[in-house]
Every structure is written in structure tokens, then in C-alpha cells.
1. Write out the trypsin sites (Lys or Arg not before Pro) in the range 270-318 meeting two conditions: DSSP loop, and at most 10 other Cβ atoms within 10 Å of their Cβ.
2. Taking +1 at the Cβ of each Lys and Arg and -1 at the Cβ of each Asp and Glu, which of His437, Ala511, Ala395 sits farthest along the dipole of the chain towards its positive end, judged by Cα position relative to the Cα centre?
3. Which peptide among 320-326, 381-387 comes first, and what is the full order, when sorted by highest mean count of other Cβ atoms within 10 Å?
4. Assigning unit charges at the beta carbon (Lys, Arg +1; Asp, Glu -1) and nothing else, what dipole magnitude in debye, to the nearest 20, does the range 329-381 show about its Cα centre?
5. Which value, in Å² rounded to 10, gives the accessible area of Ser87 with a 1.4 Å probe and all protein chains present?
6. Run lengths n ≥ 4 of DSSP H only: what is the helix-derived mean residue ellipticity at 222 nm for the chain, with -39500 (n - 2.57) per run over all residues, to the nearest 500?
7. Tell me, in nm to one decimal, what length is gained between Asp8 and Asp276 on full extension, where the rule is 0.36 nm per residue of separation less the Cα-Cα distance?
8. So what's the gap between the Cα centers of the range 157-233 and the range 268-315, to the nearest angstrom?
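The values are calculated or read from the model by the stated rules, or taken from the named source; none is laboratory data. These figures come from a predicted structure and were not determined experimentally. A quick note on method: Cβ atoms are made from the backbone with ideal geometry, for glycine too, and the neighbour counts reach across all protein chains shown. Accessible surface areas use protein heavy atoms only, side chains included; no ligands, DNA or RNA. Shrake-Rupley method; radii C 1.70, N 1.55, O 1.52, S 1.80 Å.
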Amino acid sequence: MTEIGNSDLLNKRVAIIGAGPSGAIALTSFLRQGFKHVTVFEKRPVAGGTWSLDEDLGFKPDSTKLPIGKSRTEAQPPTVVPEEADSATFAQPFSKCSDPRELRYDESSMYPSVETNILAEFMAFTEKPFERQVAPCARKYGKQHDFRTHKVVRKYVLELFEGKEEYLQFNTTVEKALQLDGPGSQWHLTLRRHCYGSTTEEWWTEDFDYLYAASGRFSVPRIPHIPGLERVLKQLPRESVIHTKVYRDPEIFRNKNVLLVGASWSNADVAHAIADIANKPVHLSFNTILQHTVPAFKQPFIVAHTGIKRVTLNSNGKSLNVEFNSKEVISGIEKVVFGTGYHIAYPYLEEYLNLYGGIWHGERATKNLYWSTWWKHDSSLVISSIVTDGITWRAIEAQARATAYLWSGFPGSQPFTIEEAEQWENDRRKLNLRDFHLWWPQYAEFIAGITKVGTGGTRFPGQDIDTHSYNDLFIRSLTLKGEQWASESEKRCKNKLALQTYEQTSEQLEARKIVA
Ligand SMILES: Cc1cc2nc3c(=O)[nH]c(=O)nc-3n(C[C@H](O)[C@H](O)[C@H](O)COP(=O)(O)OP(=O)(O)OC[C@H]3O[C@@H](n4cnc5c(N)ncnc54)[C@H](O)[C@@H]3O)c2cc1C
């Protein structure tokens, strides 16, 4: 079905960066709206985004890329674009040898054992439910555990692209995006085509009227600076220190002394996968922990520590001695897993956006994005999927639909001025939020705000969704996961020693818990 829009605007050229869930729903929304010239650039050879594992493509992620102590721009600096690219075209690209020193984090950050942490009825886009599945957790804990494995999610995203193959350009990275004449002018993209395993690449430029950045945010690992780590890394066996980005198989931890750094969701999964494989106890170092992951680590096989002060090489030359801020020392650590999150990086936009004040408020929070979506200076740029924490998929769906309406000049849509965007941002800043672009527990307010910009109304045409149920669905997702972990813990607390470890660990977790 084609929805109403201004025919001139529907002839404009739209570039979508990324063929993950966000790119899929954006393409679906733009085509339905009637846009005729849409291109999705995807740097990998497949769609599916982070849900398409490298192993499915026959590649193994590179575990040696560890940006220890690096800031966002140090970890993933903007690519140096060859001058010749600017006069090259898609038909006549500029070819050159690839530079093997260029650091990229193109791999998927997904591991095969992932089961979604959001209930299927809340995670899937409102217009298409997830395929039914009795996932392993449902088999074990009952049918209310209606989560999905990564394979179901991947298939779902691929299905959204079915019949739309002509709009996709794979193996094509957007390396730079800017407006040559500033906000209001066209988007000038520098593109690079490169196939896995190839030593050559092709460069060219193309211009677009609209730019939809759907490039995800879980790609560039964030690893804190730890004195001594870089030095000892060179002497340790391969894969002694990894980030969860490249975690795939619990077997590498068999009979090893393991330290998990960061009480994140991914490290919770790693902990449970290795509980019966690694040496006990599994050590956990963390500064603070979000309330909802506490039950994951309240386990009798986990011993909790403070942040790390320094590491040194053990006298056996194969493992680490770790000194914590509490002055406690453990030795003989053979595997370290950083579950310390990701930098939200848009290397292709960084330089241009910085000319206009950037979009970063410190290292982690955003600014200059109206409703955490549209660039304040020009709504022809959307940064999607910055809004995560439970509502991710519903957020990217609302962003895509609203943008399709806004960009097509849908009657009622509400283009905004810079002043309005600034007023909105100032008002929201007064709330003194921990993370400006995270909307829990204001999910309904966020969706309503986005919808209003797109349609001028309170809902999308043809859609009547109770967004007030979103908070409950998120809490229910977390509660079920919490119960699952608590039940694991109960089963493992078999003797006095286990119970004692459980109690000590619980005390540490509760003391440094952040209530969101
Ligand atoms: C281990 C793990 C588990 C997760 N579990 C859940 C969950 O249970 N529930 C949930 O809601 N979310 C979960 N997420 C979050 C996940 O990111 C989102 O579900 C979803 O994938 C976001 O979609 P996206 O399209 O924005 O990003 P992505 O899926 O990351 O897709 C972005 C795409 O853009 C491409 N790309 C990036 N840069 C460029 C460029 N310059 N040029 C061309 N292409 C580019 C990438 O190759 C990728 O294909 C999880 C994430 C991880 C890592």
C-alpha cells in the first residue's frame, strides 16, 4: 500500500546506511510511503545486521583488535578517503589496494547462544510478529519465557528484505558523509566497495537528498584503561583477553581461571555458559551494576571484586596477576572477558557533525538530535537505533515510520525549527538524566513525540498500539530473566560453601547496584 506524500519529495534520493533491523524497517517504511529512489548500503555481504553471525558466512571474528583505554574516535577513527574517490563514480570507481593497517570493527557482535532479552511480543516490530518458537529457555522454564534465539531474529530481518533486493548494495561501506554546502544541501557520500578476503577495493561518491543512519551501535568495543594490560598482552597466549564482541564458544574457557570484567548483559550470558566448564570460582570485576542484571551474577560460582587497579604477568608467563582497587590480589587468571560495552560510533559522520557542534555530550550521551532521532540542523539526517534499553525495536520502527511521513511531506507532519529542537533539548536536560538518549521509563512519551513529528497526531495511520503497556512488557521481560537466573542460583547453592559465596557476592552486588 502506498501512503500519501508529496510527489516531488517522493522522487528524492534516500540513502540508508546499514541492512540490520533498523535499515530493514526504514526501507519497508520508505517504500510503503512511495519513495522511489532508495538505496541501502551494507558493508557486509549479508543483511540481518548484528544478528547475522560471521561464522554463518564462513569467517571467524578477529579477537586481536582490543582498543584498550581508547576513546570513541581513537578506537574507530574516521577513514582517510583517497582524493581520487571524489571524481570517481559508481560506473567508473577508483581502484586501489586495501590498507591492512586500517582498523575496522565490521564483525557481528552476536554470539550463537543468544536468546533475546526482550519478550517476543514487545521486541518484534508491531507490523510483523516473530515466528513462533519454543526456545531453549521456554523448554526449561515454561512457555511464559517467550524469548527467541538469534536465528529466528536473523530470519525475521532477512524476510523483511525479501522482494526488495534491488535496493540493497552489499560489501559497500559509507566511509564519509557530508553536505558540501552545509545543512539544507545534498548529502555527499564517499563509498567503498570491498569483498571479504580481497586485497583491492573500489571508491566513488554519490549524492542523496536524505540520509538515514541505521548503522547500529554495538560494533566498536569499549575497553577501559588498565595499567599493565597492554604490556602483558603481548606475552600472553592468543585469546587470553577478549571482548564479548568476539565471544562465540564457551569451550575456550574449559578448565581455565576466568575473570569477567563488567557486569553487563553479555557477561551475564558468558558467566552462565561457562559455569560448568571453567574453573570455579569465576571472578567478576565491576564498579557498578544495573539493577536488572544483579540476579545474573548472584551466583554461588561467582566471586565479585571491585574495579581493577593493575595487572602483571604471572611468574609462569602464561597468566595474569590482578590487583583490584580494594587491594585484593588474585593470581593465575588465564582468560579475561571484557563485557564493558561499546562506543556509539558514526565514524563516517564524525568530522562533518563536529563542524556544527557534534552530537556528543561527553563520551556517552547525545545532543543536537531532536527526539533522539533527527539532526537539529537539518531533519534530512536521521540517526536511528541510538535509543536502546528494552524499547530498541519499537523505537527504530517509530523512527522509520515517522521519518517516512516527515520526509514525504505527509499532511500534518511537523517539520521543526532549530529553536524548537533546542527548546526541546533544554527542557529534557532539566530532567538531569543519566543517559540523555535512553528513554526508560518514558517509553510512551518517546513514541508519542516521534509519532507527532511524523503525523501531527497521536498514532500512525492504521495503527492503534497501546504504548502504555511497553513499560510493563519491559519489566516482565526482565522479571522473567531474573527468575530464570535466580532458579539457576538456587539449584547451585547445594552446600554451605556455595551458600557462603552466594551471600558474599550478593552483598557486593547490592552495595554497588544502580536503580534505574
Ligand atoms: C549480543 C547482543 C545481543 C542483543 N540482544 C538484543 C535483544 O535481545 N533485544 C534487543 O532488542 N536488542 C538486542 N541487541 C541490540 C541490537 O543491536 C538490536 O537488536 C538491533 O540489531 C539494532 O539494529 P540496527 O539495525 O540498528 O543495528 P545492527 O543490527 O548493528 O545493524 C547495523 C548494520 O549497519 C551496517 N553498517 C555499519 N556501518 C556501516 C557503514 N559505514 N556502511 C555500511 N554499512 C554499515 C552493519 O554492518 C550492520 O549490518 C543485542 C545486541 C547484541 C550485540
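1. none
2. Looking along the dipole axis, the top candidate is Ala511.
3. Working: 320-326: 18.0, 381-387: 25.4.
Highest-to-lowest ranking by the protection proxy: 381-387, 320-326.
4. 180
5. Looks like 100 Å² after rounding.
6. Mean residue ellipticity at 222 nm (helix-derived): -8500 deg cm²/dmol.
7. Gain on stretching Asp8 to Asp276: 90.3 nm.
8. 34
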